[in-house]
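The values are calculated or read from the model by the stated rules, or taken from the named source; none is laboratory data. Since the structure is predicted, the reported quantities are computational estimates derived from the model, not experimental observations. Neighbour counts are summed over all protein chains in view; Cβ atoms, including those assigned to glycine, are modelled from backbone coordinates with ideal geometry. All accessible areas refer to the heavy atoms of the entire protein, side chains included, with ligands and DNA or RNA removed. Shrake-Rupley method; radii C 1.70, N 1.55, O 1.52, S 1.80 Å.
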Amino acid sequence: MDFGDSVEEREQKIRNTPHCVPNMGHSMTVWDQRSELEFTKDWNGINHVTLKAPRGASTRTLAFSLLKLPSFSNIPLVYFDNASVSNPDLPLSERDDDSQHSEIIGSFFSEAIFKPAKAMRGGIPICFPQFGNCGSLEQHGFARNKTWSIDNDPPPLHPSDSHGKVSVDLLLKPSEDDLKCWPHCFEFRLRVSLAMDGDLTMISRIRNIDAKPFSFSFAYHTYLSVSDISEVRIEGLETLDYLDNLCQRERFTEQGDAITFESEVDRAYLGSPNVIAVFDHEKKQTFVIRKEGLPDVVVWNPWEKKSRTMVDFGDEEYKQMLCVDGAVIEKPITLRPGEEWTGRLELSAVPSTYCTDHLDHIGSM
């Protein structure tokens with residue numbers, strides 16, 4: 001399957017593969033009629049993939065764009081927990097009241113720019129092979145600005161990464177232009193999965209298919225939608241060292257019992273645990289971030305002054321967003337020819353009371 005096909009051609013190819021979910025590895029998974037993988041167009045006419053998984057009477061929906069625009073800054077990666085959502089393709093301002101109050105992982109913004117070759121703010125951009133501007137490449141590397149293709153025959157993953165989930169496998173290879181600015185051959189495979197309980201999982205596998213080693217940094221640049229940034233706290237990063245990008249990457253040690261927000265924050269916490277909790281007190285909801293192969297965590301909110309200078313960011317939208325990124329920053333990954341690296345991120349939204357009582361338990365992968 002190729003994203004050069006029309007939406008209708010892609011849907012026909014899916015129909016011509018009866019009773020199987022495509023892109024699930026060498027062993028095809030039996031199609032669950034309650035779960036769906038769809039290829040459609042969103043309200044901007046942009047091709048995207050929609051994953052749907054049932055939960056009782058409701059349906060979890062995850063939609064993201066891949067085609068003809070920068071792929072992984074174009075994923076609203078919006079997921080809804082509401083049976084009444086009749087049209088998840090509509091922008092938030094045009095949805096009914098019930099759907100606007102659905103849980104959302106991966107906010108995107110009213111001023112976001114839909115333009116080829118430019119990163120679109122929101123969702124979960126994939127930062128590779130460089131995070132930030134600490135290198136010779138464009139900000140956050142080129143992967144987030146590329147067109148990804150469907151991976152029809154990915155190497156198999158552990159059965160637990162397929163069971164009870166609807167997934168799509170994606171593939172990125174360097175173009176000739178990419179090789180001019182970063183002369184390394186690689187295969188980047190990404191599986192995006194949605195479980196029936198609403199958990200979102202992203203598994204990146206990067207393989208060196210070159211004749212020489214290369215090194216890279218990486219991040220899932222995760223935009224979380226929150227009710228009020230002043231009512232949010234992060235637990236799991238206390239006592240850690242961090243690099244402060246507001247102080248020329250000077251190294252400090254976190255002194256607080258939890259991270260709260262009263263001004264701009266742009267930090268990379270180093271050597272972090274595999275579970276981080278983001279508490280939203282107003283919603284009484286907690287985002288639980290579980291990760292593997294991602295030792296660092298980036299925390300970012302631009303606050304009022306900086307947000308007013310960003311053309312693709314509403315002046316007041318800093319109040320409803322927070323980036324908490326699983327990342328590899330301090331010690332880049334080095335792959336010798338034939339070696340592969342895996343980085344896994346799982347996002348869950350749970351009641352805050354449950355998370356407080358069970359944080360230690362849910363931290364075990």
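Given Glu340, Glu304, Glu330, which one is open to solvent by 40 Å² or more (accessible area, probe 1.4 Å) and in contact with a Pro (Cβ under 8 Å, 6 or more places away or on another chain)? Before you say what the answer is, go through the steps one by one.
Working: Glu340 fails: in contact with a Pro (Cβ under 8 Å, 6 or more places away or on another chain); Glu304 fails: in contact with a Pro (Cβ under 8 Å, 6 or more places away or on another chain).
Every option except Glu330 fails the conditions.
Given the conditions (1) closer than 23 Å to Val278 by Cβ; (2) at pLDDT 95 or above, and given that Asp357 satisfies all but one, which numbered condition is not satisfied?
Looking at each condition in turn, Asp357 falls short on (2).
Can you pull out every residue in region 308-351 that is assigned to a loop (DSSP other than H, G, I, E, B) and of a type in the set (Lys, Arg)?
Arg308, Arg336, listed by residue number.
Would you mind stating whether Pro295 is farther than 19 Å from Ile126 by Cα and either of a type outside the set (Gly, Ala, Ser) or open to solvent by 10 Å² or more (accessible area, probe 1.4 Å) (or both)?
No; evaluated as a whole, the condition is false for this residue.
What is the residue count in region 185-242 for residues that are assigned to a strand (DSSP E or B) and of a type outside the set (Phe, Trp, Tyr)?
27
Using beta carbons and a limit of 7 Å, which pairs, at least six apart or on different chains, have the first residue in region 312-339 and in contact (Cβ under 8 Å) with a residue 40 or more places away in the chain and the second one open to solvent by 70 Å² or more (accessible area, probe 1.4 Å) and assigned to a helix (DSSP H, G or I)?
Filtered contacts from region 312-339: Tyr318/Glu304.
Report every pair of residues separated by at least 6 positions or lying on different chains whose Cβ atoms are under 6 Å apart, first residue within region 135-150 and closer than 14 Å to Ala219 by Cβ and open to solvent by 20 Å² or more (accessible area, probe 1.4 Å), second in a loop (DSSP other than H, G, I, E, B) and at pLDDT 75 or above.
Close Cβ pairs satisfying both conditions: Leu137/Gln130; Gln139/Asn133; Arg144/Pro125.
From the residues in region 308-328 that are more than 23 Å from Gly236 (Cβ to Cβ) and of a type in the set (Asp, Glu), which one is modelled with the lowest pLDDT?
Checking each candidate, the answer is Asp312.
Tell me which of these Val350 doesn't satisfy, since it passes every other one: (1) closer than 21 Å to His221 by Cβ; (2) under 20 Å from the mean Cα position of the chain (by Cα).
Just one mismatch for Val350, condition (1).
Somewhere in region 248-259, is a residue in contact with a strand residue (DSSP E or B) (Cβ under 7 Å, 6 or more places away or on another chain), touching a residue at least 24 places away in the same chain (Cβ under 8 Å) and crowded, with 20+ Cβ neighbours inside 10 Å?
yes
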